[in-house]
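The values are calculated or read from the model by the stated rules, or taken from the named source; none is laboratory data. For clarity, every value in this text was computed on a predicted model and none was experimentally measured. Note that we place each Cβ from the backbone using ideal geometry, even for glycine, and neighbour counts take in every protein chain shown. Heavy atoms of the whole protein, side chains included, go into the accessibility calculation; ligands, DNA and RNA do not. Shrake-Rupley method; radii C 1.70, N 1.55, O 1.52, S 1.80 Å.
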Amino acid sequence: MRSRFSAFVYQLGDYLLLTYHRDYRGSLSAAQLASKTVEWRNLQIIATDSSGDIGFVEFKAWFIENGQLHCHHERSRFVKEHDQWLYCDGIFYPEQKSGKITRNDNCPCGSGKKYKKCCG
């Protein structure tokens, strides 16, 4: 999971495509996966669970889009094939609005810094 987040940060479309299960990627291309649509900031792993060759990762990924900080909350499903975990699909949770963030609040991305020194 962390490696896929890093691949989104660095726009590594080939890696993202290789770690996407072929039965679930549809017509996605490496170029589409590499396109920069948001500025990823932080990854918070909430829970992991695996039994055999099926695993789940619940996470929050913080990103900036159009100057606003957002949180992508997902429970991803992975399948292990040939000793490699491949992303299949996920349950996406609706974004929770937490109200206006002021400059001196702790940054909601989880960095521990003030918002003005981090994502603000």
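Remarks
- Filter pass, residue 81 being acidic (Asp, Glu) and under 17 Å from the mean Cα position of the chain (by Cα): no
- Any hit, the stretch 8-20, residues being open to solvent by less than 90 Å² (accessible area, probe 1.4 Å), in contact with an Asp or Glu (Cβ under 6 Å, 6 or more places away or on another chain) and under 23 Å from residue 115 (Cα atoms): no
- The residues of the stretch 56-114 that are in contact (Cβ under 8 Å) with a residue 60 or more places away in the chain and small (Gly, Ala, Ser), listed by number, are 76, 110, 111.
- Output for the stretch 95-120, where each listed residue is surrounded by 13 or more Cβ atoms within 10 Å (Cβ to Cβ) and polar (S, T, N, Q): 106, 111
- Residue match in the stretch 32-47 (condition: of a type in the set (A, V, I, L, M, F, W, C), under 14 Å from residue 87 (Cα atoms) and over 14 Å from the mean Cα position of the chain (by Cα)): no
- Filtered residue count, the stretch 81-94, keeping only those that are open to solvent by 70 Å² or more (accessible area, probe 1.4 Å), within 20 Å of residue 51 (Cβ to Cβ) and in contact with a strand residue (DSSP E or B) (Cβ under 8 Å, 6 or more places away or on another chain): 2
- Reported count of residues in the stretch 30-55, each being among the small types (Gly, Ala, Ser), out of contact with any helix residue (DSSP H, G or I) (no Cβ under 7 Å at 6 or more places or on another chain) and within 28 Å of residue 119 (Cβ to Cβ), is 2.
- Test: residue 27 is of a type in the set (Ser, Thr, Tyr), surrounded by fewer than 18 Cβ atoms within 10 Å (Cβ to Cβ) and over 30 Å from residue 112 (Cβ atoms): yes
- Selection from the stretch 58-73 of residues that are acidic (Asp, Glu) and either surrounded by 17 or more Cβ atoms within 10 Å (Cβ to Cβ) or assigned to a loop (DSSP other than H, G, I, E, B) (or both): 58
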